[in-house]
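Shown next, in structure tokens, is the structure this report addresses.
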Amino acid sequence: MQITYELTEKDFVEAYTTHCSHGPSSKWRRATIFWCLVLLLGAFILHTIATNAASDFSSYLPLLALAIIWFVIIRWLQRSSVKRQFRKQPGAHGQRSLLLDDSAAHWRWDGGSADVEWKNYIRYVEGENQILFYTSPAGFNILPTRELRPTQLAELRELLKQHIPTK
């Protein structure tokens, strides 16, 4: 199976989002954040009840606003960092091709190539518009699926199931 494509900045951003939401530690990270927020909210409510300071809630609004602004800025910085990485990486631009056969995945791009045997892939993750091929927990190649026909996508999924372990 041969696939020709061109990566876009949007592909990079979506791949990063997919990577962060499907990583091995993401479920633990989300659960930890959730329970920390529940405990903090519970402690705040108990403190408010114990001190009869329910009318004092307005003094906590600046702290809440600061937390929201901090979260938004961190997300914006991550997104802009990924965009900057795409723009400054020459190998990410231009037409690319991927040939998948029974022995390996053969990646070709302007300025380079890589032949990666199936045994070197530890997993793959399918995002909304791309498939990420992992050779390490944090290292992956991006294959956009936006231009694949449904039959091609089904064939690709079957090939990946045969050759890359699922976790």
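Please treat every number below as a calculation from the coordinates, not as lab data. Since the model is a prediction, treat every value here as computed from it, not as a measurement. A quick note on method: Cβ atoms are made from the backbone with ideal geometry, for glycine too, and the neighbour counts reach across all protein chains shown.
For N129 and D101, the difference between the fully extended length at 0.36 nm per residue and the C-alpha to C-alpha distance is 7.9 nm. The residues neighbouring V13, those whose beta-carbon lies less than 14 Å from its own, together hold a net charge of +3 under the Lys/Arg +1, Asp/Glu -1 convention.
Can you list which of the GluC sites (Glu not before Pro) found in segment 59-167 are DSSP loop residues with at most 15 other C-beta atoms within 10 Å? Listed in order of number, the matching sites are E128, E147. When the Cα positions of G111, I142, V125 are compared along the charge dipole of segment 109-167, V125 comes out farthest toward the positive end, with charges on each C-beta of Lys, Arg, Asp and Glu.
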